[in-house]
Amino acid sequence: MLPPATIHRTKSVFTERQLWEKYLAVTKELLKFIKAEDIDMFLQLVDQRQALMEMMQEVPLAERDFSGTAECQAMREAIKPMDMQIMYKARAWLNKSRRNNQTVRGYDVAGYGAASYGAAGNVFNRQL
């Protein structure tokens, strides 16, 4: 697994426009990786997007010249449906993972899994 990406939170060297452009790009990447079910990369991108949001919030009010523009509004409108798709696909992945986990536990309870091989298998298959 890759080490978590870090974005240094010293004074931002990016303009508000650049931060919004990066936010849009990361959102597109999130959608791509959740569709591919690359959850490790997806979670890293979630962290990066959160860091970008924090950087946007740290931009002084006097320097927020982009968020009130029509271009920024269009960017936000483009992000909304992607966010909805990301949430839908993340929920679907989570539900699928839960079903798979329950299926594995079901086999263990029925005596088909590692638990049927003795006490050692039973210890490793307990849900924490």
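Some observations on this one:
- Extreme residue, least open to solvent (accessible area, probe 1.4 Å), among residues of the stretch 44-78 that are part of a helix (DSSP H, G or I) and of a type in the set (S, T, N, Q): 44
- Residues that are surrounded by fewer than 16 Cβ atoms within 10 Å (Cβ to Cβ) and in contact with a Lys or Arg (Cβ under 7 Å, 6 or more places away or on another chain) within the stretch 20-38 comprise just one, 35.
- Any chance residue 58 is over 13 Å from the mean Cα position of the chain (by Cα), among the acidic types (Asp, Glu) and at pLDDT below 95: yes
The values are calculated or read from the model by the stated rules, or taken from the named source; none is laboratory data. Everything numeric in this text was worked out from a predicted model, so none of it was measured. Glycine also receives a Cβ, built like all others from the backbone with ideal geometry; neighbour counts cover every protein chain displayed. These area figures cover heavy atoms from the full protein model, side chains too; ligands, DNA and RNA do not enter into them. Shrake-Rupley method; radii C 1.70, N 1.55, O 1.52, S 1.80 Å.
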